[in-house]
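Here, each number is a calculation from the coordinates, and none is a lab measurement. In this text the structure is predicted, and so the values were computed from the model without any measurement. All Cβ positions, glycine included, derive from the backbone under ideal geometry; neighbour counts span all protein chains shown.
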Amino acid sequence: MIVLDGKATAQSIRTELKAEVAELTPKFGRAPGLAVILVGDDPASQVYVRNKERACTEVGINSFPHRLPAETTQQELEALIDQLNADVNVDGILLQLPVPKGLDSRRCLEQIRPDKDVDGFHPANMGRLAQGLPGFAPCTPAGVMELLRRYDLSTQGKHAVVVGRSNIVGRPLSIMLSQPGRFGDATVTLCHSRTPDLPEQCRQADFLFAAIGKPKFITCDMVKKGAVVVDVGINRVDDCLMGDCDYECIVDTASAMTPVPGGIGPMTIAMLMKNSVLAYKDHVGAK
Ligand code: NDP
């Protein structure tokens, strides 16, 4: 079985981006800039934000951290987004989710200028994705597709089953898999909590994608022999990170699989860096 090493692949992507940023920064007189907004003190979010800021430093992107107290009001948060929308040194704006109760994340995400929406959550970018137009693709599903590309695992003509239909993972992933191309052109089944006989649906998959949020939910009896299994899940169990798939039992059935940690997590951050550099190139007018 091939272990799809997201950590090493993400490192290669960061190295490529670093070279590109090093070439562009003196040419355009400034480095790319990413503003990262963290509201409250959710421990997992703090770790994610730190990892994103570390990746920025490595690639040569200026990160502008905005750590706000949990008591921040909707009005204050929106005022900050307005300010960052107008800041010419900020190419991308990331609002770390989830935000504390009482804040409307949907409204905030829609307020981010689509050309600075490097997380790809704005309806304008989701619409462009659905129509196959260029724009910012959400980082996690983009990371999944990039990993398949780097391992040359073509989905063309294959049956892809995606479990989970969230707007940030499952649904955009199902759209990407259905777009024309060597890493697309799949026949896609999108499953969710109302899908009858989920195990049987999963067993039909040449490519099985789990984005559910339930540790070890996908077991080996749900996987077809030789399938490619991509585990997007990140679940914290007793201080350990665990995927949505029972890795130990599936390794004997799958032909390729992502580990957790070290699979889609690092790929997601690499795609955030990639989107930030894309936004920068668009803003400075680089070809
Ligand atoms: P959501 O909770 O938003 O969505 C979960 C989806 O799983 C829903 O569509 C839900 O169905 C479906 N689901 C839940 N229970 C079942 C079930 N018993 N049978 C079938 N489907 C079910 O989660 P996210 O999409 O935000 O995240 C999914 C996982 O991916 C989490 O573990 C999260 O931590 C991880 N994640 C990882 C990232 C990374 O960087 N690697 C980034 C983002 C998320 P329904 O819609 O019917 O409720």
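Please report the relative contact order for the chain, taking Cα pairs under 8 Å with a sequence separation of at least 6, and give it as a percent rounded to a whole number. Show your work: numbers first, answer last.
Working: 572 pairs, mean separation 59.8, N = 287.
Relative contact order comes out at 21 percent.
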Listed residue (Tyr247, Ser178, Ala8) projecting farthest to the positive dipole end of the chain, Cβ model: Ser178
The chain - Debye-derived log10 I(q)/I(0), Cα point model, q = 0.08, 0.09, 0.10 Å⁻¹: -0.34, -0.43, -0.53
Dipole in debye (nearest 20) - region 139-265, about Cα centre, beta carbon charges: Lys, Arg +1; Asp, Glu -1: 400 debye
Protection-proxy order for peptides 236-242, 6-12, 263-269, 209-215, each taking the mean of Cβ atoms within 10 Å per residue, highest first: 263-269, 209-215, 6-12, 236-242
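Are any of the pairs Lys7/Lys116; Lys18/Lys274; Lys7/Lys274; Lys7/Lys287; Lys158/Lys225; Lys116/Lys281 more than 21 Å apart by Cα-Cα distance, and if so, which? Numbers along the way, then the final one.
Numbers: Lys7/Lys116 26 Å; Lys18/Lys274 10 Å; Lys7/Lys274 15 Å; Lys7/Lys287 29 Å; Lys158/Lys225 14 Å; Lys116/Lys281 12 Å.
Pairs exceeding the cut-off: Lys7/Lys116; Lys7/Lys287.
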Partnerless cysteines, meaning none of the other Cys C-beta atoms lie under 4.7 Å away, in the chain: Cys56, Cys108, Cys139, Cys191, Cys202, Cys240, Cys245
Farthest positive-ward along region 29-113 dipole, Cα basis, beta-carbon charges - from Leu94, Ser45, Gly60: Gly60
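Nothing charged except the Cβ atoms of Lys and Arg (+1) and of Asp and Glu (-1): what's the magnitude of the dipole of the chain about its Cα centre? Round to the nearest 20 debye. Kindly include the intermediate steps, with their values, before the conclusion.
Details: 31 positive and 34 negative charges, 111 e Å.
It comes to approximately 540 debye.
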Helix axis angle, 74-86 relative to the chain longest principal axis, alpha carbon, degrees: 80 degrees
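Only counting other Cβ atoms within 10 Å, I'd like Tyr280, Tyr151, Tyr247 sorted with the fewest neighbours first. Walk me through the numbers before you get to the answer.
Details: Tyr280 26, Tyr151 14, Tyr247 21.
Least to most surrounded, the residues fall as Tyr151, Tyr247, Tyr280.
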Sequence-distant residues sharing a close amide H with Gly40 (under 5 Å, placed H): Leu68, Ala70
With Cα atoms, 0 to 90° folded angle of helix 6-28 axis to the chain main axis: 30 degrees
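222 nm [θ] for the chain, helices only, -39500 (n - 2.57) per DSSP H run of 4+, per residue, to 500?
Working: 10 runs with 120 residues, N = 287.
Per the formula, -13000 deg cm²/dmol.
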Principal-axis tilt of helix 43-59 within the chain, Cα atoms, nearest 10 degrees: 70 degrees
For region 208-224, 3J(HN,Hα) per residue [Karplus equation, 6.51 cos²θ - 1.76 cosθ + 1.60, θ = phi - 60°, Hz, x = Gly/Pro]: 10, 10, 10, 9, 10, x, 10, x, 6, 5, 8, 10, 5, 6, 9, 10, 6
Long-range amide H partners of Asp244 with built H, under 5 Å: Lys216, Val232, Gly233
